[in-house]
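Visitor: Next up is a structure, given as structure tokens.
Quick note: the coordinates plus some simple rules give every number you see, no bench work behind them. Quick caveat: nothing in here was measured; it's all calculated off a predicted structure. We place every Cβ from the backbone using ideal geometry, glycine too, and count neighbours over all the protein chains shown.
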Amino acid sequence: MQAALKIKHPKVVKKKAPVLAIKENSAEYRTKLHIGHTRTCDCGETNINCLTAKEWLKSQIGVWRFGYEGRDIRDKKIHPATFPISLSKKIIELFSHQGELVLDPFVGSGTTLVAANDSNRNAVGFDLQENYIKLCADRIKQSELFNSTRQVAIQDDARNISQYLPEESVKLIWTSPPYANLLNRKRKNKSRRNRDNEQLGKVEQYSQDSRDLGTMSIEGYTTAMGDIFESLLPVLRHKGHCVINVPDMWWENQRITIHVSLIQELRKRGYELRNIIIWDRTNLVNQIGIFGWPSNYITMGVTFEYLLDFWKPPK
């Protein structure tokens, strides 16, 4: 009898899971990142996004409102200052195409990365804190869809972003940065005092790291933001947008106009202001205490914030 023929089966090669987080001890730390940045849609060459005319029309209204969903993080013990996924998706879908690259220099809890995944955009986010990078990776893993894009969180200073990305690879910079030393003080306002949310008297700052913009005075903060965003100009495409979410604040009975300071600083650094959008947060705020009554009228900073829309001017 002839010996039975041995059939050779091809080896099954397991596809490596994409890296979701790069930390200080990672091999990819401060090396060029392999991530897509070209559009994958069939939109016209001059289109700035994939929106329909009807969707575009809705976005022209200069006051926006958003709600939270189940995936949003609202626990301040996890992160002191989050924003809705729906806000991030609107910004991303307004100022980029599918397949293009979105950058968040202060990624925090990772909402930008989740929204980019939902919108079929590549995205990279940076943060100093290792616990936030882990949170980002966990959220990306939970929200992964079957698309060809990649989202990655990197534990590094925003000042080092140019070491990771090629020039003119980013279509949109979108971020909600630390707001100078707004959070770096004990919570005393009446709206907190009336809530049983364990926030009265707490310091909600991200960290006390000297590199953290949230530890700085408004003057130091403005200069540092200017330095960071000037260093990002080479990686941003011409006519690529840069949207920054900031509020103003009250400090010792004076209004500190963070949004004005940033507009002036980024203009000096080579950006052009295109739009100012008001994020109306009144539907997200509960039990506001009475401030200033009856002798000192002040508008409540927690009820609205600014979305500052800049771009890198055409060549």
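Visitor: Just order 251-263, 39-51, 91-103, 147-159 by mean Cβ neighbour count inside 10 Å, highest at the front, would you?
Guide: Taking the mean over residues of other Cβ atoms within 10 Å, the ranking is 91-103, 147-159, 251-263, 39-51.
Visitor: Further question on the same structure: Indicate the gyration tensor shape class of region 16-167 (rounded, prolate or oblate), computed on the Cα atoms with a ≥ b ≥ c the square roots of the eigenvalues: a/c under 1.5 is rounded; otherwise a/b larger than b/c is prolate and the rest oblate.
Guide: oblate
Visitor: Residues with amide H under 5 Å of Met216's amide H, sequence separation 5 or more or different chain, H placed in the peptide plane at 1.01 Å from N; which?
Guide: Asn181
Visitor: Something else now. Using a Förster distance of 25 Å, how high is the FRET efficiency between Asn283 and Arg255, based on the Cβ-Cβ distance and rounded to 0.05?
Guide: The value I calculate is 0.55.
Visitor: Could I ask something else about it? Go through Lys23/Lys268; Lys141/Lys268; Lys32/Lys134; Lys90/Lys239 and tell me which ones have a Cα-Cα distance over 30 Å in this structure.
Guide: From the list (Lys23/Lys268; Lys141/Lys268; Lys32/Lys134; Lys90/Lys239), the Cα-Cα distance tops 30 Å for Lys23/Lys268; Lys141/Lys268.
Visitor: How do the peptides 134-140, 123-129 rank, highest first, by the average count of neighbouring beta carbon atoms within 10 Å per residue?
Guide: 123-129, 134-140
Visitor: Using a 7 Å offset from the Cα along the Cα-to-Cβ direction at both Arg267 and Ser217, what is the distance between the two label points in nm, to one decimal?
Guide: 2.4 nm
Visitor: Same structure, new question: Distance between the C-alpha centers of region 17-63 and region 218-271? Whole Å please.
Guide: Cα centroid of region 17-63 versus Cα centroid of region 218-271: 22 Å apart.
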